[in-house]
Structures are given as structure tokens and as C-alpha cells.
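The values are calculated or read from the model by the stated rules, or taken from the named source; none is laboratory data. Model, not experiment: these values are computed from the prediction. Ideal geometry is used to build each Cβ from the backbone, glycine not excepted, and the neighbour counts take in all protein chains shown. Note: areas computed on protein heavy atoms with side chains; ligands, DNA, RNA excluded. Shrake-Rupley method; radii C 1.70, N 1.55, O 1.52, S 1.80 Å.
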Amino acid sequence: MNNRNPGLLALAAVVLVLAACSGQAPESADAADAAECAPAADAAGHPGEETYKKTCAMCHSTTALGAPMVGDKADWSARAAQGADTLHKHALEGFNGAKGVMPARGGNPSLDDDSVKAAVDYMVSKSK
């Protein structure tokens, strides 16, 4: 067991968790089931926190795939300096950077644009 690659294990865990939240809801599912992966505002009213917790935290709280850790001011400062539009585009469309990979919509194709943008804004706000 000592020869296992922890990065590969973390990636496998991320893929499994993201797959659980990215499937389409069956036609017979009610609205609550279909909205299971949709964002909700936290107690402070930030709509991105719930999306962050359900999708983004898999990488951004572990640095899996080279993701910048939420709260790491040094790692986020250069990214934030690119502006919200660039960060939103990378999160929506995906991005292969020098430090890692950002899958489109955090690997969850069921997220709408506003949910992705809110999650990015939330992470940036927690990393200033």
C-alpha cells in the first residue's frame, strides 16, 4: 500500500463524488429531487456557498487537480487579478493551466451559469 499515488487516489475520489451530483434527474423526479445540486443562499445570503460545498470543495478544499485552496490568498491573488470575467469563463468552459486543471462547471454539467459564477465569486471572497 505504500506505493499508491495519493494524487491519483484523490482524483478518483473527486471523479466519483462529482459523478454522483452530475447525473440528470429522471423524468418522474419531483422538483426537489431535480434541484438537489442547485445553489441555495447561505445564512449570510451568499448564493455561491452551497454550490461550493456540493461541487467545488472536492478540489478547492484539497488542492486536487492543482486547484487553488479556498482561503489561500497567495494562490488566489494572481487569479483574482485576471478579473471576474476571466475566472467565470475558466470555470464555465474549463481550463488547463500551468498549475492544474479546471473541469468545465467543476465537473458538474447540471450547474447553470449563475450557479458557477456565484461559486467562483464566493471562493474569491473567501480568499482575499
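Please work out which residue is farthest from the chain's Cα centre (by Cα), limiting yourself to the range 90-128 and to residues that are among the hydrophobic types (A, V, I, L, M, F, W, C) and open to solvent by 60 Å² or more (accessible area, probe 1.4 Å). Only one residue fits best here, namely 98.
Here is the figure for the range 62-71: residues that are open to solvent by 60 Å² or more (accessible area, probe 1.4 Å) and at pLDDT 95 or above total 1.
Where in the range 61-128 are there helices (runs of 4 or more DSSP H), lying fully within it, with 3 or more residues that are in contact with a helix residue (DSSP H, G or I) (Cβ under 6 Å, 6 or more places away or on another chain)?
84-93, 113-125
Annotation for the range 72-88: no member residue is open to solvent by less than 50 Å² (accessible area, probe 1.4 Å), under 11 Å from the mean Cα position of the chain (by Cα) and at pLDDT 95 or above.
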